[in-house]
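Visitor: Have a look at this one before I ask anything.
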Amino acid sequence: MGNIRRKFGAEFKREAVRQAMQPGNAVATVAQDLGVHESVLRRWVKELGSGAAGKATDRPQKNEQSQEIERLKRELVRVKMERDIVKKR
């Protein structure tokens, strides 16, 4: 028989990462206590632990950055056109 894949909720993952990142706690020990594989907990720490806010806040930031880049590109095109018009005079 095959292994049954378990699904963990976001709250469980956040709490596991919080425990694993506390000083004095080893990831392997926390993983064993929670009944998850060490590599799974390490992946959660990598995904959720960086920046403490997680990926959810990264997406809007990238989106805002992309919007700003697009705005600046449009402005650059407009300024170049204005400059070229002045040069022709």
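The values are calculated or read from the model by the stated rules, or taken from the named source; none is laboratory data. These numbers were taken from a predicted model, which means no experiment stands behind them. Glycine gets a Cβ as well: all are built from the backbone with ideal geometry, and neighbour counts include every protein chain shown.
Visitor: Go through segment 1-36 and give me each residue that's assigned to a loop (DSSP other than H, G, I, E, B) and surrounded by 12 or more Cβ atoms within 10 Å (Cβ to Cβ).
Guide: Phe8, Asn25, Val36
Visitor: Then there's this: Of everything in segment 37-89, what is modelled with pLDDT under 90 and assigned to a loop (DSSP other than H, G, I, E, B)? Give them in sequence order.
Guide: Once the filter is applied, which keeps residues that are modelled with pLDDT under 90 and assigned to a loop (DSSP other than H, G, I, E, B), segment 37-89 yields Ser50, Gly51, Ala52, Ala53, Gly54, Arg89.
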